[in-house]
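Participant: Could you have a look at this structure, given as structure tokens, before my questions?
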Amino acid sequence: MPPYNAPPTAFDPATMPLLRSVGSNQVGMREYNERVVLQAIRTHGSLPKAEVARLTKLSTQTASVIINRLLDEQLVVKRDAVRGKVGQPSQPIALNPEGAFSIGIQIGRRALDVVLLDFTGTLRWQSSTPYASPEVEQVFAAIDARLREVDDFLGPELAPRLTGIGLAAPLTLGTWHGLESLLPQEAEAWRRVNVRVRLQAMTPLRVDFAKDTIAACVAELVAGRGRKLKSYLYVFVDTLVGGGLVIDGEPHSGQFGNAGAIGSMPLGLAGTDERGVAPQLLGAASLVRLEEMHAQAGLELLAFGDERLLSGPWEAVTRQWIEEAANAITFGVTGAACLLDLDGVIVDGAVSRALLERLIAAMQEQMTRYSWQGTERPLVMAGTIGMTAKVIGAAYLPLHANFAPAHGLFLKAARR
């Protein structure tokens, strides 16, 4: 199952069912079944061969052959035999942490973040490069430097096991200047560059791209509370608030990649502001608005994750923002819940856990002020990944592109 020379591609959730774990005993399904076995072990932890066969519905012989092949490829390892039970001691099979690695890169509005995940999803290396305003050439020069640092960190023995790079960024980088301090010429430079193509030209590794909030949604789906929900709206509160959508256990990006873009939702009827258009949710619920409110109050500007935002002279202003943001997000969530019949809403962000808890509590209070007649009120819960969700989600993209079961692979194999 060679993952290293796969062609570059954009992230397509329709071809990546992340949690599928049933195999096939038909001939021609080798790669699909290998991925099914790996997914079962990733989801359930170390398992004996017989349990792998049961979970994947493969024959015992097929499961054994696949596991032996994965052992040869060093993607899985044998754990110590479990003794003390009736019959022969069983020897669990687990993912080999050093079987594969992936790099995640997030081009953010305030910083460039880069991480390295091993095959089990454990964070092995990370770097953050802050900037006042993103400039195209400086950002890509920093990316090049970070990639060299990752290569040095892995060394000649492990570097060949890099399986790809996941890149997360907003879809419309060139529109930042309307809400940020981005200069017009910088905004125009971002509009002219295709970030995935630019990065792919810098590396022989496969590059997978996802909108930053979709990447964060993937991280929550793979490693957080999203694993237990079938359909949910994901909200990420950042410099500009955004979101993602999961339907039937799979991230759904939509035709233009904007599904779950809660920040773009209107907060009222058209014609309600001075321009004659409805204001958008991101104007009230984004962290850039919190920063603006603190500046207007003459307060020192703190990092969004700083605990002091909830104390001292900042507390009153932060509390006001929480109420405004909770009101705006709840308005959007209510409409989404009526349209999509959601199991839940997961809210996370680039903020401290204490601020996030305050925001969710305010949202839950706001939701009691809406009539839910004719629909079901979704449960609102905190995400588990936190500030690094976007870059962690980016790093998961190549792991799943190369190793997760893909329905398209199954159909392709069946037609051979």
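Participant: Take the Cα gyration tensor of the chain, multiply each eigenvalue by 5, square-root it, and list the three semi-axes largest first, rounded to whole angstrom.
Facilitator: 40, 25, 20
Participant: For Gly108, enumerate residues with amide H under 5 Å from its amide H, sequence gap 5+ or separate chain, H modeled in the peptide plane.
Facilitator: Result for Gly108 returns Asp113.
Participant: How are the alpha carbon pair distances in the stretch 24-162 distributed across 5 Å bins from zero to the largest one, expressed in percent?
Facilitator: Percent of Cα pairs in each bin: 2, 9, 16, 15, 13, 11, 10, 8, 7, 5, 3, 1, 0.
Participant: Can you check what the Kirkwood hydrodynamic radius comes to for the stretch 88-171, Cα pairs only, in Å to one decimal?
Facilitator: 14.1 Å
Participant: Sticking with this one: How much length would be gained if the chain were fully extended between Glu300 and Cys338, taking 0.36 nm per residue of separation minus their Cα-Cα distance, in nm to one decimal?
Facilitator: Net length gain for the segment: 9.6 nm.
Participant: On the protein heavy atoms, probe 1.4 angstrom, tell me the percent of accessible surface of the stretch 186-300 carried by carbon and sulfur.
Facilitator: Ligands and nucleic acids excluded, carbon and sulfur reach 51 percent.
Participant: On a 0 to 90° scale, report how tilted helix 60-72 is relative to the longest principal axis of the chain, with both axes built from alpha carbons and the result rounded to the nearest 10.
Facilitator: Its long axis makes an angle of about 70 degrees.
Participant: Show the residues, 5+ positions off or on another chain, whose built amide H is closer than 5 Å to the amide H of Trp125.
Facilitator: Amide H neighbours of Trp125, under 5 Å, 5+ apart: Leu116.
Participant: Right, another one. Send over the Kirkwood Rh of the stretch 149-299, from the inverse of the averaged 1/r over different Cα pairs, rounded to one decimal Å.
Facilitator: 18.0 Å
Participant: Next question. Could you tell me how far the Cα centroid of the stretch 349-369 sits from the Cα centroid of the stretch 230-299, in Å?
Facilitator: One Cα centre to the other: 15 Å.
Participant: Looking at the chain, what % of its DSSP beta bridges pair antiparallel, to the nearest 5?
Facilitator: 55 percent
Participant: Shifting gears a bit: From the C-alpha gyration tensor of the stretch 26-95, pull out the three semi-axes of the equivalent ellipsoid (sqrt of 5λ each), sorted largest to smallest, in whole Å.
Facilitator: Sorted largest first and rounded, they come to 20, 13, 10 Å.
Participant: On average, how much accessible surface per residue is there in the stretch 225-384, in Å², for a 1.4 Å probe, leaving out ligands, DNA and RNA? Could you put the intermediate results ahead of the total?
Facilitator: Numbers: 7440 Å² over 160 residues.
Value returned for the stretch 225-384: 46 Å² of accessible area per residue.
Participant: Also, quick follow-up: Please give the per residue volume of the convex hull enclosing the alpha carbon atoms of the stretch 225-384, rounded to a whole number of Å³.
Facilitator: 122 Å³
Participant: Could you pull out every one of the aspartates and glutamates with an alpha carbon less than 20 Å from that of Lys78, ignoring same-chain neighbours closer than 8 positions?
Facilitator: Lys78 reaches Glu34, Glu51, Glu98, Asp118.
Participant: Translational diffusion coefficient, Stokes-Einstein: compute it for the stretch 297-380 using the Kirkwood radius over C-alpha pairs as Rh, at 4 °C and 1.567 mPa s, and state it as an integer in µm² s⁻¹.
Facilitator: Once the numbers are plugged in, D ends up at 93 µm²/s.
Participant: Next up: Rounded to the nearest 5, what % of DSSP beta bridges with both residues in the stretch 123-271 are antiparallel?
Facilitator: 60 percent
Participant: Then there is this: Rounded to the nearest whole Å², what accessible area per residue is found for the stretch 26-95 with the 1.4 Å probe? Can you show the working numbers first?
Facilitator: On the way: 3820 Å² over 70 residues.
With the other protein chains kept in place, the stretch 26-95 gives 55 Å² per residue.
Participant: With a 1.4 Å probe and all protein chains left in place, how much of the accessible area of the stretch 26-158 comes from carbon and sulfur atoms, in whole percent?
Facilitator: Details: 3080 of 6440 Å².
Heavy-atom surface of the stretch 26-158 belonging to carbon and sulfur, 1.4 Å probe: 48 percent.
Participant: Cut-off 10 angstrom, C-alpha nodes, Gaussian network model of the chain. Which of Ser59, Ser128, Ser311 fluctuates the most?
Facilitator: Answer for the Gaussian network model of the chain: Ser311.
Participant: DSSP loop trypsin sites (Lys or Arg not before Pro) in the stretch 295-385 with at most 13 other Cβ atoms within 10 Å of their Cβ, which ones? Numbers along the way, then the final one.
Facilitator: Numbers: sites: Arg308, Arg319, Arg353, Arg358, Arg369; in loops: Arg369.
The qualifying sites are Arg369.
Participant: Moving on to the next point. At R0 = 30 Å, how high is the FRET efficiency between Thr43 and Glu357 if r is their beta carbon distance? Nearest 0.05 is fine. Don't skip to the answer; put the middle values down first.
Facilitator: On the way: r = 29 Å, r/R0 = 0.95.
In this case the efficiency is close to 0.55.
Participant: In whole percent, what relative contact order does the chain give with Cα contacts below 8 Å and a gap of six or more residues?
Facilitator: Details: 797 pairs, mean separation 85.3, N = 416.
This gives 20 percent for the chain.
Participant: A follow-up question, please. Within straight cross-link reach of Lys230, meaning Cα distance under 19 Å, which aspartates and glutamates are found once same-chain residues fewer than 8 apart are removed?
Facilitator: Those aspartates and glutamates meeting the cut-off are Asp12, Glu220, Asp248, Glu250, Asp341, Asp343, Asp348, Glu376.
The values are calculated or read from the model by the stated rules, or taken from the named source; none is laboratory data. Computed from a predicted structure; not experimentally measured. Using ideal geometry, Cβ is built from the backbone for each residue, glycine included, and neighbour counts are taken over all protein chains shown. We work out accessible area using only protein heavy atoms, side chains counted, and drop any ligands, DNA or RNA first. Shrake-Rupley method; radii C 1.70, N 1.55, O 1.52, S 1.80 Å.
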